[in-house]
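Take a look at the structure set out below.
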Amino acid sequence: MKKTITLLEAINHALDHALKADDNVVLLGQDIGKNGGVFRATEGLQSTYGETRVIDMPLAENLIAGSAVGMATQGLIPVAEFQFMGFIYPALDQIINHASRMRNRTRGRLTCKAVFRAPYCGGIGAPEHHSESTEAMFAHIPGIRVVIPSSPARAYGLLLAAIANPDPVVFLEPKKIYRSIKQEVDLNNKPLPLDKAFVLKEGSDLTIVSWGATLIEAQKAVNQLEKLDVSVELIDLATIKPIDIGTILASVQKTGRILIAHEAAKTGGVGAEISAQLAEKALPYLHAPIKRVTGFDAVMPYFKLENYFLPDANKITNAAAELMEY
């Protein structure tokens, strides 16, 4: 069945299918039951599947994550929701010290088949704790996958894949585009591949790599650059950890130039890791230095300065033009 839906609705459809397909799948989080979550991602699911499958939890992120770890070790498949990425930090103890290490610690006797969902990124005029983009922090942790969808179709397929994956996945949802874009999605219950970047458009002059809400700005930049006769290859990284460097490397070998765009702070960001790997593997193919368009090394400002902080289509276009002139 094909349906034109938002990214938020795609999340809801994926969770609905997972609950229906496997009785071991349980959802847990603050206000996810009757209220359907702060953004209504779980709306209607508790009334369909009951309070033992869609569980309202106390305002205690460490408890939510710890409960998910315990459930996973006993054969359940928990999908834990945190209201905002900025509130996930109390849960780091459980996610890093236990979820990520369970398979290694027990030499494979136990795994932690769990998904930790959180809305992330800025763009909705909220305070800094509601606008975090710290995906690189999780990407640094062995044993954790980090996934960020950038369209309704990829949100649907990647969330199904995350729930099916045998190890823990941090699944970050760009709330800026929760409702702002719609796409026809084939609700065929088929997962998309994890660990694989998506080439959204092929080109020959320049590679742009992005993810999350910034990818939408990159797509706008591609349209501007095409008017300047610049042929852009656009890649949605999608799985932040592990990085599909093979797809990026193949693109750079063809174009000779690369621009990486993300809204997280520049220092220590995922863009830095991509740059480092390309410096090791792609120098003979590069016609210009690797370029990054990112957020600043600063706390997300209040809403009047938010648009100044966030990378946009014009910033990406201008940076790309500089690369083409190098």
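Where a number appears in this text, it was derived from the coordinates with a stated rule and is not lab data. Remember, predicted model here, so these are calculated numbers, not experimental data. Here the Cβ is made from the backbone with ideal geometry for all residues, glycine too, and neighbour counts use every protein chain on show.
Side notes on the structure shown:
- DSSP bridge analysis restricted to the chain gives an antiparallel fraction near 25%, rounded to the nearest 5.
- Descending by average beta-carbon neighbour count within 10 Å, the peptides 314-326, 2-14 line up as 2-14, 314-326, the highest first.
- Summarising the amide proton neighbourhood of V54: residues at separation of 5 or more, or on other chains, whose placed amide H is nearer than 5 Å comprise L27.
- Under 13 Å, Cβ to Cβ, from L249 - net charge with Lys/Arg +1 and Asp/Glu -1: -1
- Per-selection Rg to Rh, the range 2-186 - Cα, Kirkwood hydrodynamic radius: 0.94
- Sum of side-chain charges, G271 neighbourhood, beta-carbon under 12 Å (Lys, Arg +1; Asp, Glu -1): 0
- Summary of packing: across the peptides 275-281, 232-238, 108-114, the per-residue average of other C-beta atoms within 10 Å ranks them, highest first, as 232-238, 108-114, 275-281.
- Surrounding net charge for E132, when Lys and Arg each add one and Asp and Glu each subtract one, Cβ distance under 12 Å: -2
- Cross-link reach is defined here as a Cα-Cα straight distance under 24 Å, omitting same-chain residues fewer than 8 places apart; for K196 the lysines meeting it are K2, K113, K175, K176, K182, K220, K241, K254, K266, K281, K291.
- Between the C-alpha center of the range 257-309 and that of the range 5-58 there is a gap of 35 Å.
- By the Cα gyration tensor, the range 142-182 has an equivalent ellipsoid whose semi-axes, rounded to whole angstrom, run 21, 11, 6 from largest to smallest.
- Spatially proximal aspartates and glutamates relative to K227 (Cα-Cα < 15 Å; intrachain offsets below 8 disregarded): D205
- Whole-number D in µm²/s for the range 198-325 (Stokes-Einstein; Kirkwood sum over Cα pairs; 25 °C, 0.890 mPa s): 169
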